[in-house]
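Notes follow once the structure below has been shown.
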2 protein chains.
Amino acid sequence: MNATLKPILAAPLKKGDTIGIIAPAGPVRNETDFSGGLKLLTDLGFKTRYRSDILRHHDYLAGTDQERLSEFHELWRDPEVQAILAVRGGYGCLRLLPDLDFDLIRQQPKMFIGFSDLTVLLSEIQQKTGLITFHGPMLTTLARSDRDSQEGFFDLLTGRPRTEIKTTGLEILKGGQATGRLLAGNLTSLVHLLGTPFEPEWRDTILVLEDIGEAPYRIDRLLTHLWAAGKLEQIAGLVLGDFDQCGDREAIWQRALDLLAHRAIPIWGNFPCGHGSRNLILPLGAQAQLDSSSGRLTILDQLVR
Amino acid sequence: MNATLKPILAAPLKKGDTIGIIAPAGPVRNETDFSGGLKLLTDLGFKTRYRSDILRHHDYLAGTDQERLSEFHELWRDPEVQAILAVRGGYGCLRLLPDLDFDLIRQQPKMFIGFSDLTVLLSEIQQKTGLITFHGPMLTTLARSDRDSQEGFFDLLTGRPRTEIKTTGLEILKGGQATGRLLAGNLTSLVHLLGTPFEPEWRDTILVLEDIGEAPYRIDRLLTHLWAAGKLEQIAGLVLGDFDQCGDREAIWQRALDLLAHRAIPIWGNFPCGHGSRNLILPLGAQAQLDSSSGRLTILDQLVR
């Protein structure tokens, strides 16, 4: 955990450049989603590259740890690959963290985009190398994302990341201003880093959380774990994204409000990121500002070279 | 976390003594289970005492934190209550940990028995006070427990705890001998203590784990979290209990073997504790010995006054 690492930025892509596709977590369950994602990237003007065994599966994992790890390093090492995209989340990235080659990543910084289980890779790479990584769509979710999310994804890849996010439907649960480094990700995945050497630095972060398909008592337990670990004492602001199939979202918001009752920090709900159709790009490691009066999240740092 | 606290022992009960019943986690879902448990305790010769609002419910919790906490302290404070039993687990004990009155518990040590979500209370009370607490049946699971588990429960309460456990069906996954303090509980509940001030001391423990209804990838993630947090480096032995509705139990055993491949410590599977009908008593905080050649778990310490 080193919050003071100098940020490393990846170079943007131009049309004709290559995106590397990896399966570091769960296996592709639906080949149509896979081919649909590839077609979308092709339609956007990019080439794609992936290992011929990318559809391999090993129960709930997309292959053995060694297969997933070597695929990750092979694509990252490939000088023609300018960005890395995962096929999907699920579970499995946690198992890879101890063996990541951070020197390789530092030497060949690339755009790295994902969410859900990918959170732990985004977070760990950001922490250990300083590379700004991106919480956003994956190959098999891109086709289901709304037009604005797809455009934001394309704009990021081509070096025009959006630095102001102001959306309809945002709920200002608790007002105020905050500035801090962005830490965005899946609530369950982040909680399963607590007490490990892979735990991110929480202090002074704008913490953005999302999840899907976790029963209300599980969401409560996850938030309570974060609180019991003292992390909610350290953050500068909290942004709650999608919580589909997690019960009543107002109950989730209320639990967050209760656990943060004594702290005068902004808390937002219904932010468009996560497993829903609207999944806007959020750069991990970049300074960001929450302005509750305008409902605007502003990225203050440069994000691409 | 203080592994060197002097053990505190509770006094055994005699027939006619009173058992206090609490609902510190989830609400009673089935009043028949509740009344069946009460009848069983009465048939065993004990009186029972509980607050008139014990069937209260508040979504997935048996009332507000304040209600559950005050009930816990009220029953513990009651000089006529000699043992404390929870109605059931579920979720909720984690929310109570910061406000437990350890002075009260130290001054009036009682037999305290439970499992599942109760793990975090058993563990935290053991750690902070030195009281030997007991992993075993709860009120609404007692009637479904097999005769041997019920008898073991009665024998413990009346001051004749079993100090040798040797059962049919035990699987010695990795042989060897080990001695250490017993830390027994629900895998999910224990993992949600990692990185918090409520985390137990793992070093030199005989760690006994059980769970129910967690998908295989979740069990993998929980074990991997324990490993990533370095806890599997510290334990002296691992005993896997019931893992009903968690997929293939051999896959769980194999994951544990893989994560502990470099360590020469005994690993046992199919130990009769947890959510199944056979849920033998295990005293948290007591020294225990695993002997793989005989398949015998021996408790070395005195457990009751």
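Within segment A:192-207, track down each residue that is more than 8 Å from every other protein chain (Cβ to nearest Cβ) and surrounded by fewer than 24 Cβ atoms within 10 Å (Cβ to Cβ). Answer for segment A:192-207, where residues must be more than 8 Å from every other protein chain (Cβ to nearest Cβ) and surrounded by fewer than 24 Cβ atoms within 10 Å (Cβ to Cβ): A:Glu201, A:Trp202, A:Arg203, A:Asp204. None of A:Gly26, A:Gly45, A:Gly37 is of a type outside the set (A, V, I, L, M), open to solvent by less than 30 Å² (accessible area, probe 1.4 Å), in the same structural domain as A:Pro109 (by TED's automatic domain parsing) and under 14 Å from A:Gln82 (Cα atoms) except A:Gly45. Looking at (1) within 13 Å of another protein chain (Cβ to nearest Cβ); (2) more than 25 Å from B:Gly213 (Cβ to Cβ), which one does A:Tyr217 not meet, given that it meets all the others? Just one mismatch for A:Tyr217, condition (2). All of (1) open to solvent by less than 40 Å² (accessible area, probe 1.4 Å); (2) in a strand (DSSP E or B); (3) touching a helix residue (DSSP H, G or I) at 6+ places or on another chain (Cβ under 9 Å) hold for A:Leu182 with one exception: (3).
For (1) touching a residue at least 24 places away in the same chain (Cβ under 8 Å); (2) open to solvent by less than 10 Å² (accessible area, probe 1.4 Å); (3) more than 14 Å from chain B (Cβ to nearest Cβ); (4) within 16 Å of A:Ala23 (Cβ to Cβ), each residue gets a yes or a no:
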position	(1), (2), (3), (4)
A:Gln82	yes, no, yes, no
A:Leu85	yes, yes, yes, yes
A:Leu97	yes, yes, no, no
A:Phe115	yes, yes, yes, yes
A:Leu118	yes, yes, yes, yes
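Counting only residues that are over 13 Å from A:Asp291 (Cα atoms) and either open to solvent by 70 Å² or more (accessible area, probe 1.4 Å) or not assigned by TED's automatic domain parsing to the domain that holds A:Trp268 (or both), segment A:164-179 holds 1 of them. For segment A:48-79, a residue qualifies if it is closer than 27 Å to A:Leu157 by Cα, open to solvent by less than 20 Å² (accessible area, probe 1.4 Å) and either at pLDDT below 95 or among the small types (Gly, Ala, Ser) (or both), and exactly one does: A:Ala62. Going by what's in this entry, would A:Asp155 be described as free of Cβ contacts under 8 Å to residues at least 24 places away in the same chain and either in a helix (DSSP H, G or I) or farther than 18 Å from A:Leu282 by Cβ (or both)? Against the criterion (free of Cβ contacts under 8 Å to residues at least 24 places away in the same chain and either in a helix (DSSP H, G or I) or farther than 18 Å from A:Leu282 by Cβ (or both)), A:Asp155 qualifies.
Kindly indicate whether B:Gln289 is in contact (Cβ under 8 Å) with a residue 40 or more places away in the chain, open to solvent by 30 Å² or more (accessible area, probe 1.4 Å) and in a strand (DSSP E or B). Taking the combined requirement at face value, the residue satisfies it.
Among the residues making up segment B:142-163, those that are closer than 18 Å to B:Ala288 by Cα and either open to solvent by 40 Å² or more (accessible area, probe 1.4 Å) or touching a helix residue (DSSP H, G or I) at 6+ places or on another chain (Cβ under 7 Å) (or both) are B:Arg160, B:Pro161, B:Arg162, B:Thr163. Restricting attention to segment B:235-268, the residues being within 20 Å of the chain's Cα centre (by Cα) and open to solvent by 30 Å² or more (accessible area, probe 1.4 Å) number 2. Against the test of being more than 14 Å from every other protein chain (Cβ to nearest Cβ), small (Gly, Ala, Ser), more than 20 Å from B:Ser189 (Cβ to Cβ) and assigned to a strand (DSSP E or B), the options B:Gly20, B:Gly37 yield a single qualifying residue, B:Gly20. Remark: A:Gly185 falls outside the filter, which requires a residue to be more than 23 Å from A:Phe134 (Cβ to Cβ), touching a residue at least 40 places away in the same chain (Cβ under 8 Å) and not assigned by TED's automatic domain parsing to the domain that holds A:Leu97. Confirm whether B:Thr168 is without any contact (Cβ under 8 Å) to a residue 12 or more places away in the chain, more than 14 Å from chain A (Cβ to nearest Cβ) and not charged (D, E, K, R). Criteria met by B:Thr168. Annotation: of all residues in segment A:125-141 being in a helix (DSSP H, G or I) and touching a strand residue (DSSP E or B) at 6+ places or on another chain (Cβ under 8 Å), the one that is most open to solvent (accessible area, probe 1.4 Å) is A:Gln126. All of (1) within 20 Å of A:Gln254 (Cα to Cα); (2) among the hydroxyl-bearing types (Ser, Thr, Tyr); (3) assigned to a loop (DSSP other than H, G, I, E, B) hold for A:Thr168 with one exception: (1).
Candidates B:Leu69, B:Leu97, B:Leu122: the one that is within 14 Å of the chain's Cα centre (by Cα) and outside any loop (DSSP other than H, G, I, E, B) is B:Leu122.
The values are calculated or read from the model by the stated rules, or taken from the named source; none is laboratory data. Owing to the predicted nature of the structure, the values given are computational and were not obtained by experimental measurement. Virtual Cβ from ideal backbone geometry, glycine too; neighbours counted across all protein chains shown. Ligands, DNA and RNA are stripped out before the accessible areas are found, and what is left, the full protein with its side chains, is counted by its heavy atoms. Shrake-Rupley method; radii C 1.70, N 1.55, O 1.52, S 1.80 Å.
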